[in-house]
1. Taking only the C-alpha atoms, wrap a convex hull around the chain and report its volume per residue in Å³ as a whole number.
2. Efficiency by 1/(1 + (r/R0)^6): what FRET value for Ala32 and Asp71, r their Cβ-Cβ distance, R0 = 22 Å, to the nearest 0.05?
3. So how far apart, in nm, are the two label points at Asp24 and Val118 if each is 7 Å from Cα heading toward Cβ?
4. Compute the distance in nm between two label points, each set 7 Å from the Cα along the Cα-to-Cβ direction, one at His55 and one at Asp12.
5. I'd like the Karplus ³J(HN,Hα) series for segment 102-111: coefficients 6.51, -1.76, 1.60, θ = phi - 60°, whole numbers in Hz, and an x wherever there's a Gly or Pro.
6. Give the residue from Tyr84, Gly106, Gly57 lying farthest towards the positive end of the charge dipole for the chain; charges sit on Cβ (+1 for Lys and Arg, -1 for Asp and Glu) and the dipole is referred to the Cα centre.
7. Could you tell me which of Val37, Ala16, Val118 has its Cα farthest along the dipole of the chain towards the positive end, charges placed at Cβ (Lys, Arg +1; Asp, Glu -1), taken about the Cα centre?
8. What are the semi-axes of the equivalent ellipsoid of segment 1-71, taken as the square roots of 5 times the eigenvalues of the Cα gyration tensor, listed largest first and rounded to whole Å?
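Laboratory data are not the source of any read-out in this text; all were calculated from the coordinates shown. Every value quoted in this text rests on a predicted model; they were computed, and no experiment measured them. Here the Cβ positions follow ideal geometry from the backbone for every residue, glycine too, while neighbour counts run over all protein chains shown.
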Amino acid sequence: MDHSPGFLRLVDAVRATVREISVDEALARQAAGARLVDVREDGEWAAAHAAGAEHIGRGVLERDVERLVPDPDTELVLYCGGGYRSALAADTLQRMGYRNVASVAGGWRAWEAAGAPVERPDPASGR
């Protein structure tokens, strides 16, 4: 996907303020109890997502996160399609007072390329 120059400048600026981690580190953090959060759009989530992830779409993250994750010390590992939106989301959560947030570098594309576990809907069940 081609991203606009303004969007890329914004993402580059926030990347200096957020921790980006590899897929392997994300898996290790998830195994240690971190909450893996998919911030992609609903349709992206429905098509396939990281195994064990929960969905809090970027469009509702700020509105819903304090209800869904009330403890600002909870470790949150975020991912999106390519690591851009999750970096923005990590920055936002830090501004909201969350202290242990990371973004998966490369996002969903890196997750799939690494062969990390995924969940896909079962076409036979219609889900």
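1. Hull volume over Cα atoms, normalised by residue count, gives 114 Å³.
2. Here the calculated transfer efficiency is 0.85.
3. 2.1
4. 3.3
5. 9, 10, 7, 4, x, x, 4, 4, 5, 4
6. Among Tyr84, Gly106, Gly57, the one farthest towards the positive end of the dipole of the chain is Tyr84.
7. Of the listed residues, the answer is Ala16.
8. Equivalent ellipsoid of segment 1-71: 22, 17, 15 Å, largest first.
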